[in-house]
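Shown next, in structure tokens, is the structure this report addresses.
Just so it is clear, none of the values below were taken in a lab; they were calculated from the coordinates. Note that the structure is a prediction, hence the values are computed from the model and not measured. Neighbour counts are summed over all protein chains in view; Cβ atoms, including those assigned to glycine, are modelled from backbone coordinates with ideal geometry.
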Amino acid sequence: MTSEEREVLEALAVSRTAPYRQVQRARLVLGAASGETNRAISQEIGLGWRSVCMWRQRFIRQRLAGLEDRPRPGKPRQYSDADRLMVIETACTQKPNGESHWSVRTLAQATGVGRDTVHRILRQANLKPHRVGTFSRSPDPDFAAKVVDVVGLYLHPPKHAVVLCVDEKTQVQALDRRQPLLPMRPGQIERRTHDYKRNGTVQLYAALQVHAGHVISRIEERHRS
């Protein structure tokens, strides 16, 4: 073993980021170079002694290159990288016809890629077409400065000050089912009526006492200024 080979193997043998199988092979060859038997190496690194013999012979014939994994024969890929990119691009830039969002089925039909493959591509790319979030942008040019003022007040209020965050939720519908729920029982899920009755609306006002974490709430029948 040359000094350059030993240097590479010693660095690999203590690596925390290299694949474990490569660390194993490096330790295997170093153990062989120090005169250990195949069975001793096998017990030390947790690899069968026949595999130890194989990797020693591969190192003798091909040196460091012999410790790399060889390409494994298998079923040829049905879909290319271009197909994968097409699925991702379609999901991100287009909308399905007649539906609110893409499903695995509609995306597979639109791209000509199998459903299982589409599902795997979406999962690998962390794309969730069935989920939609909302966002809001203020048109106020001084919005950033105002946010700094408000957050600063929350973080560093004046001494002995009570900081309240107040909000209102008006026209809350007080709904109720027309009949009582039927509870769950063995072999039967909980059931409820499909219709409901309206009990009018209520106006909910609340103030969060920021530093105490206490909510002061109040419900009113009418909404007045």
Point to revise | Helix-only mean residue ellipticity at 222 nm for the chain, each DSSP H run of n ≥ 4 adding -39500 (n - 2.57), per residue, nearest 500 | key: -12500 deg cm²/dmol
Check your understanding: Of (i) 33.1, 91; (ii) 20.0, 69; (iii) 16.3, 48, which is the value of Rg and Dmax of the Cα atoms in Å derived from the coordinates here?
Key -> (i)
**Study point:** Evaluated over region 1-114, the Cα radius of gyration and Dmax, each in Å
**Key:** 23.5, 72
Exercise for review: With just the Cα atoms of region 1-61, tell me how far they stretch along each of the three principal axes, in Å, largest first.
Suggested key: 24, 24, 18
Point to revise | Cβ-Cβ FRET estimate between ARG222 and LEU175, R0 fixed at 30 Å, reported to 0.05 | key: 0.95
Study note, to complete from the structure: Check: C-alpha center region 134-181 vs C-alpha center region 38-71, spacing in Å is 65
Practice item. Run the numbers on the chain and let me know its relative contact order in percent, using alpha-carbon pairs under 8 Å that are six or more apart. Key: 10
Point to revise | Normalised convex hull volume, region 143-220, alpha-carbon set, Å³ per residue | key: 194
Review point. What is the gain in length, in nm to one decimal, between ARG198 and GLU10 on full extension, counting 0.36 nm per residue of separation less the C-alpha to C-alpha distance?
Key: 60.1 nm
